[in-house]
Amino acid sequence: MHIEKNGIRYFRLPDGDLLPTDRDGEQVLFVAENGNEEVRLIRKLFRGIPYLDLRKFRGTGEDAKPTTKGFIADFDVWEQLAPIISKIFEKE
C-alpha cells in the first residue's frame with residue numbers, strides 16, 4: 001500500500017513502518033555500497049503476485065544497471081527470513 005506524505009510517496013510494510021519509494025512506487029530501499037555500486041530492495045508484481053527483489057546494481061542513481069547478483073522471493077518467504085536475518089545482527 002502506498003501513501004503520500006509531505007510530497008514523498010511511501011510503501012507501508014505489514015508492520016506499519018513506511019519506506020520511501022521511487023516515482024513509480026516500486027523502489028522500496030537503496031543501500032549505497034560505494035560510489036560505483038548500490039543494493040536495491042524492489043517491490044514488484046509478477047502475474048498479480050507481489051514479490052521483493054534484493055539486487056546489486058552497478059553504478060548509482062538512474063544510470064545504475066542491475067546485475068545477476070540478487071535474490072527474489074514472494075512475501076511469504078521474506079516473512080520467514082526476516083526474523084532469522086534480524087537474529088544474525090542482534091547484539092549479545
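Among (1) modelled with pLDDT of 80 or more; (2) in a helix (DSSP H, G or I), where does Tyr51 come up short?
With (1) modelled with pLDDT of 80 or more; (2) in a helix (DSSP H, G or I) applied to Tyr51, the lone miss is (2).
Just to be sure, is Leu13 within 15 Å of the chain's Cα centre (by Cα) and either of a type in the set (Asp, Glu) or at pLDDT 80 or above (or both)?
Working: within 15 Å of the chain's Cα centre (by Cα): yes; either of a type in the set (Asp, Glu) or at pLDDT 80 or above (or both): no.
No, not satisfied.
Just checking, does the range 24-44 include any residue being of a type in the set (Asp, Glu), within 11 Å of the chain's Cα centre (by Cα) and at pLDDT below 90? Talk me through it step by step, then tell me what you get.
Going through the range 24-44, the residues of a type in the set (Asp, Glu) turn out to be 24, 26, 33, 37-38.
Then drop every residue that is not within 11 Å of the chain's Cα centre (by Cα), which leaves 26.
Next, from what is left, pick out any that are at pLDDT below 90: 26.
Yes, the range 24-44 has at least one match.
Can you find, within the range 60-81, the residue that is surrounded by the fewest Cβ atoms within 10 Å (Cβ to Cβ) among those that are in a strand (DSSP E or B) and hydroxyl-bearing (Ser, Thr, Tyr)?
Taking the range 60-81 first, the residues in a strand (DSSP E or B) are 65-74.
Cutting the leftovers down to hydroxyl-bearing (Ser, Thr, Tyr) gives us 67-68.
On the way: Thr67: 11, Thr68: 6.
Checked the range 60-81; the qualifying residue surrounded by the fewest Cβ atoms within 10 Å (Cβ to Cβ) is Thr68.
The values are calculated or read from the model by the stated rules, or taken from the named source; none is laboratory data. Please read these numbers as outputs of a predicted model, since none were measured by experiment. Neighbour counts are summed over all protein chains in view; Cβ atoms, including those assigned to glycine, are modelled from backbone coordinates with ideal geometry.
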